[in-house]
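Notes follow once the structure below has been shown.
None of the figures in this text is laboratory data; all of them are computed from the coordinates on show. For clarity, every value in this text was computed on a predicted model and none was experimentally measured. Backbone-built Cβ (ideal geometry, glycine too); neighbour counts: all protein chains shown.
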Amino acid sequence: MAGLSSTVLLGLGLVMLMVLTPLVSCECFPAIFNFGDSTSDSGGIHATFPRLTPSEFKPYGDTYPGQPWNKYSDGRLLIDFISQGLGLKYLTSAMQPVDSEYSQGANFATAGGTVMPITYMSPFPLPVQYLQYLRFQQEVIALRSDRSTPAKMLARIPTIDAFSKGLYTIALGGNDFTFGYTKGMTIPEVQDYLPVVADGLIDAVKLLYDAGGRYFIVWDIEPHGCLPYMLTFAHHTPEELDEQGCIISFNEAAKSFNVMLKAKIADARKELKGISIHMLSTYDIKTDLSNNLTANGFKFNLKACCGVPSEFNYHLDVNCGKSRTIKGVTYTAEKCDDPNAYTVWDGVHNTEAANRYVAKMLFSGKYFDEPFPELTEQCNLKPLD
Ligand SMILES: *[C@@H]1O[C@H](CO)[C@@H](O)[C@H](O)[C@H]1NC(C)=O
């Protein structure tokens with residue numbers, strides 16, 4: 001009798017657990033589908049062009065996980081902290097040929113990617129990343145519709161539901177600016193084509209919405225006039241710098257792009273029924289941080305941690321981790337002693353410490369153009385340590 005009742009109780013307990021589990025664990029996003037450039041690449045460019053890209057060599061990855069892992073930082077990227085906060089696994093690149101784990105989404109980002117359909121530093125602009133996503137989705141649907149698909153394989157791909165319940169993140173556009181600047185275009189010449197860039201981001205959102213996506217975060221352009229790369233690349237006089245030491249004209253171009261993108265996102269929000277779309281202002285996050293560096297544990301904002309010693313610790317021809325002799329002089333780009341004191345890692349990309357800070361600001365909800373309660377309130381957010 002006692003045995004029977006405890007079995008019944010156990011059975012009841014299991015049923016209750018099964019009913020309760022979805023509520024307790026996560027009414028939250030089951031997957032992330034990310035589109036981006038080097039700021040969110042988790043091995044895409046390495047998988048497609050192995051041995052040719054800096055992030056597969058030391059000291060990339062030194063802080064975390066302790067060795068290179070094909071990401072452009074000393075540690076985790078913003079997208080990694082987003083995964084961590086949501087209690088999801090770090091995203092695997094959709095280009096990863098061996099040992100791929102896509103049960104909680106996939107990463108279509110590749111370093112050098114642009115929004116415009118051009119081959120600048122890499123041949124994977126946003127329209128190509130979208131097509132790769134579409135193929136991925138079709139293959140998942142085909143595998144899930146085929147009764148002979150092994151359970152082991154099903155465990156490594158998303159559910160079909162994940163395509164509508166997942167979070168779509170788009171972090172692109174910075175390279176569309178530098179594309180023009182490195183070709184010698186003036187800021188007004190670059191600004192002439194920026195509407196095409198903003199429209200390209202919106203077009204991708206619409207295509208992903210048509211493919212089932214409903215939850216979106218689109219990044220704006222950060223104040224890139226503060227980057228060691230831009231400060232080194234663009235000759236400037238002291239009058240052309242703001243009180244932070246950033247190049248005003250580049251930041252103004254980024255700002256006006258962001259205003260335009262925000263308006264287009266507001267239009268898309270009206271047009272696409274049931275969409276939950278949010279622009280993340282990395283511009284404001286970075287500006288607020290640079291106004292409040294030391295309170296957040298940082299010392300340097302305009303100097304790269306890993307680079308050739310100089311005003312901005314950056315050399316245009318010597319990447320972090322490399323050594324090069326130019327006209328008889330040998331330059332070596334080495335890691336600084338304390339990456340956590342720097343916001344910029346290699347002159348272009350954030351340190352892990354800066355990425356963690358940006359992720360915290362993202363989850364605070366304060367830097368979205370519209371409230372995002374599905375993310376900031378309904379998820380059981382995990383710590384970002
Ligand atoms: C500066 O940063 C600290 C630590 O994050 C925060 O508590 C404070 O409110 C910030 N101050 C301003 C003016 O943003």
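Take the alpha carbon atoms of the range 334-377, find their center, do the same for the range 162-191, and report the distance between the two centers in whole angstrom.
19
Go ahead and run the numbers for FRET between T376 and D203, Cβ-Cβ distance against an R0 of 25 Å, rounding to 0.05. If you can, show how the numbers build up before the last one.
Working: r = 28 Å, r/R0 = 1.10.
Computed FRET efficiency for T376 and D203 comes out at 0.35.
Which ³J(HN,Hα) values in Hz, rounded to whole numbers, follow from the phi angles of the range 65-74 under the Karplus curve 6.51 cos²θ - 1.76 cosθ + 1.60, where θ = phi - 60° and Gly and Pro get x?
x, x, 7, x, 9, 6, 10, 8, 6, 7
Quick check on the chain: what does the Kirkwood estimate of hydrodynamic radius come out to from the alpha carbon pairs, in Å? Provide the component values of the computation, followed by the final result.
Values: mean 1/r = 0.0455 Å⁻¹.
With all distinct Cα pairs of the chain included, I get 22.0 Å.
So if each residue of separation counts as 0.36 nm, and I subtract the Cα-Cα distance between Q67 and D192, what length gain in nm does that give? Write out the running numbers ahead of the final one.
Numbers: separation 125, 0.36 × 125 = 45.00 nm, distance 4.18 nm.
Once the chain is fully extended between Q67 and D192, it gains 40.8 nm.
Helix-derived [θ] at 222 nm for the chain: sum -39500 (n - 2.57) over DSSP H runs of at least 4, divide by residue count, nearest 500?
Working: 13 runs with 154 residues, N = 385.
Calculated from helices alone, the mean residue ellipticity at 222 nm is -12500 deg cm²/dmol.
Summing Lys, Arg as +1 and Asp, Glu as -1, what charge do residues with Cβ under 10 Å from the Cβ of T343 carry, T343 excluded? Please report the intermediate quantities before stating the final value.
Details: positive: K286, K299, K303; negative: none.
Combined, the nearby Lys, Arg, Asp and Glu give +3.
Skipping prolines and chain starts, which residues have an amide H placed within reach, meaning under 5 Å, of the one on L167, given they are 5 or more residues away or on another chain?
Hits under the 5 Å cutoff: A31, I32, F33.
Taking the number of other C-beta atoms within 10 Å as the exposure measure, put V218, V318, V308 in order starting with the fewest. Don't jump to the answer; show the numbers that get you there.
Values: V218 26, V318 19, V308 23.
Arranged by neighbour count, lowest to highest, V218, V318, V308 become V318, V308, V218.
Arrange D385, D284, D41, D346 by Cβ neighbour counts within 10 Å, fewest through most, would you? Intermediate results must be reported in sequence, preceding the final value.
Working: D385 6, D284 16, D41 32, D346 28.
Ranking D385, D284, D41, D346 by Cβ neighbours within 10 Å, fewest first, gives D385, D284, D346, D41.
Quick one: length gained pulling I160 to D99 fully straight, 0.36 nm per residue minus the C-alpha distance? Kindly include the intermediate steps, with their values, before the conclusion.
Working: separation 61, 0.36 × 61 = 21.96 nm, distance 2.10 nm.
Here the answer is 19.9 nm.
I'd like the FRET efficiency for T182 and L134, computed as 1/(1 + (r/R0)^6) with the beta carbon distance as r and R0 of 45 Å, rounded to 0.05.
Result of the calculation: an efficiency of 0.90.
Using a cut-off of under 17 Å, list every residue of the range 334-353 whose amide N is near the label point 7 Å from the Cα of F57 along the Cα-to-beta-carbon line.
334-336, 346-348, by backbone N distance to the label point.
Which of S290, S256 has the fewest other C-beta atoms within 10 Å, and how do the rest follow up to the most? Before the final figure, lay out each step's value.
Values: S290 19, S256 14.
By the 10 Å Cβ count, ascending: S256, S290.
Sequence gap at least 6, Cα distance under 8 Å: using those rules, report the relative contact order of the chain to the nearest whole percent. Mind showing how you got there, number by number?
Working: 722 pairs, mean separation 67.9, N = 385.
Here the relative contact order equals 18 percent.
Counting DSSP beta bridges in the chain, what percent are antiparallel, to the nearest 5?
Counting DSSP beta bridges with both partners in the chain, the antiparallel share is about 30 percent.
Run the Debye formula on the Cα coordinates of the range 249-345, all scatterers equal and no solvent, and tell me log10 I(q)/I(0) at q = 0.20 1/Å.
-0.98
What range in the chain is the longest one free of trypsin sites (Lys or Arg not before Pro) that are in a loop by DSSP and have at most 10 other Cβ atoms within 10 angstrom? Don't skip to the answer; put the middle values down first.
Working: sites that count: R51, R147, K183, K273, K327.
Between the exposed loop sites, the longest stretch runs 52-146.
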